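The structure appears right after this line, and notes come after that.
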Amino acid sequence: MEVYLVGGAVRDELLGRPVRERDWVVVGATPQAMLDAGYRQVGRDFPVFLHPATGEEYALARTERKTGRGYHGFELRFSPDVTLEDDLRRRDLTINAIARAPDGSLIDPCGGQRDLAAHTLRHVSEAFNEDPVRILRVARFLARFQPLGFSVAPETLARMRAMVASGEVDALVSERVWQETDRALAEPAPEAWLRLLHDCGALARILPELEALYGVPQPEKWHPEIDTGLHMELVLQAAAGLTPEPRVRFAALMHDLGKGRTPRSQWPTHRGHEERGVALIREVATRLRVPTDHRELAELASRWHGLAHRALELRPRTLLELLESCDAMRRPDRFRELLVACESDYRGRGGWRQRSYPQAGRLERALTAALATTLDAKDRDGLAGEEIGVLLRRRRLAALRQMK
């Protein structure tokens, strides 16, 4: 039995990045040998074992043969005669196909070290074409490594486009699309993920609501970048600079979906796009099984981002109505996340990245004033439930009027 450290752990070590988790490949073993050694078997599709002491994953070396469409259309072979090189050559990218032996030496049959040095994301072999999830993974890795100067090899991009054209990408299951989307949104440069999916054509198949924004113009006065698709890339870039939270980044990404349904006769204006966007967000959330908290925050961002941008000119009554509509008094943390999504929209415009967003400060002060307004027992004395609510609202409005 021979054990090798593989994949992301080796890649990140070579890049000088922190290693989050370690995966191992076992060569020359059988499932029974692993069980006899005290490992615990997990996984339904192929044998993966957890180390009895560390809990790290150990997988038997394996090969794959394409038998059908999609992520599950593979026949797996694992046996003691499968070599380490066989296992490495089935992987997606060369930089993920490097192994480290117990003596510290590197096994690199696919040129991963060369591509690390060249900052290139390159497919390992023609087998790349067989798994549509690899399109999503390349986009996610670009979102992670673009700040280091990485780009996708032209021949790999060509393969991704061919997979879209052949219909292979249509076999992606919604759960995996969402899993990869959520992970990509947590990366340092999520805008690179969006741009690559658009460039290879996959965005039109998995998130057509976002693809529909490309080529749609906006008023140049408020959007120097004009193109709404480009605006979404800039919004994601701004959001990544404001928060690490994927939920907020998702809300920022979804906030302008309604502009993709604006009749051409109304361009470049987009009256009513806020409510149109809410309906589209619900469609996306249902199709991809997006978590409820993500969907709800995205709906708020779509519906209220325009009013939030006008916060400096809103009268106290309108400020209170906005807080109430967002359920801000009961869920203040979510309202603060909404403000970050709105700020991402504001800064995500050509040349606006460094502009201040005092609107968020005014809305935060309004929330603080409303939360600080309470009724004691004496105030409530002799009042019914609805009357108490009316009095509390009147007090909150008075507090907003006193707000600086």
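The values are calculated or read from the model by the stated rules, or taken from the named source; none is laboratory data. Not measured: the values here are computed from a predicted model. Neighbour counts run over all protein chains shown; Cβ positions are idealised from the backbone, glycine included.
Some notes on this structure:
- Test for Ala53: is it assigned to a helix (DSSP H, G or I) and modelled with pLDDT of 90 or more: no
- Among the residues of this structure, Leu338 does not count as one that is in contact with an Asp or Glu (Cβ under 7 Å, 6 or more places away or on another chain) and closer than 19 Å to Gly241 by Cβ.
- The set of residues in region 79-109 that are touching a Ser or Thr at 6+ places or on another chain (Cβ under 8 Å), over 20 Å from Arg22 (Cβ atoms) and not in a helix (DSSP H, G or I) comprises Ser79, Pro80, Val82.
- For Val278, the conditions (1) among the aliphatic types (A, V, I, L, M); (2) in contact with a helix residue (DSSP H, G or I) (Cβ under 6 Å, 6 or more places away or on another chain); (3) on the phi > 0 side of the Ramachandran plot all hold with the exception of (3).
- Failed item, numbered, when Leu375 is tested on (1) surrounded by 13 or more Cβ atoms within 10 Å (Cβ to Cβ); (2) modelled with pLDDT of 95 or more: (2)
- Filter result for Pro268 (farther than 30 Å from Ala158 by Cβ, more than 20 Å from the chain's Cα centre (by Cα) and in contact (Cβ under 8 Å) with a residue 60 or more places away in the chain): no
- Taking each residue of region 318-344 that is touching a residue at least 40 places away in the same chain (Cβ under 8 Å) and looking for partners that are aliphatic (A, V, I, L, M) and part of a loop (DSSP other than H, G, I, E, B) with beta-carbon atoms closer than 7 Å, six or more apart or interchain, yields Leu323/Met329.
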